[in-house]
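Structure first, commentary second.
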Amino acid sequence: MFQLINQPARDLMFNEHYAFFSGTSKLMGQHFEKFANHILNDFITESDPFVVEIGSNDGIMLQHFANKKSDTLELNLLKM
């Protein structure tokens, strides 16, 4: 493990052309599917759950809730 002493400016790394989407990772998709199943099976008691995710990136987590017939709301902060 190592750490860089000099790091590039944040605006050079994370700008309007930065495109990381969780959904492009097969492993992240599998993780969020397991997570959604865990929440729905172990914590949700209603027959028609409503799931809200704040800062949902590309919506990969909510997709797995929606696939299980849950109502969902995706909230993302946009740069204005």
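Where a number appears in this text, it was derived from the coordinates with a stated rule and is not lab data. What you see is a predicted model; the values in this text were computed from it and never measured. As a convention, Cβ positions derive from the backbone with ideal geometry for all residues, glycine included, and neighbour counts pool all protein chains shown.
For the chain, a Gaussian network of Cα nodes joined below 10 Å ranks Leu27, Leu12, Leu62 by mean-square fluctuation, and the top entry is Leu12. Only one item in [x] 14.9; [y] 12.8; [z] 14.4 matches Kirkwood radius over Cα pairs in Å derived from the coordinates shown, and that item is [x]. Only aspartates and glutamates eight or more places from Lys68 in sequence, or on another chain, were considered; those with a Cα closer than 15 Å are Glu33, Asp42, Glu46, Asp48.
Ranking Ile60, Leu27, Leu40 by Cα position along the charge dipole of the stretch 24-75, where only Lys, Arg, Asp and Glu carry charges on their C-beta atoms, puts Leu27 farthest toward the positive end.
Taking a straight line from the alpha carbon of Lys26, these aspartates and glutamates sit under 15 Å away, with near neighbours fewer than eight places off in the same chain left out: Asp58. Taking the C-alpha atoms only, the angle from helix 26-42 to the longest principal axis of the chain is near 40 degrees. Pick from Lys68, Lys34, Lys26 the residue whose mean-square fluctuation is largest in a GNM of the chain, springs joining Cα atoms under 10 Å. Fluctuation is largest for Lys26.
At an R0 of 41 angstrom, the distance between the Cβ atoms of Thr45 and Tyr18 translates into a FRET efficiency of 0.55.
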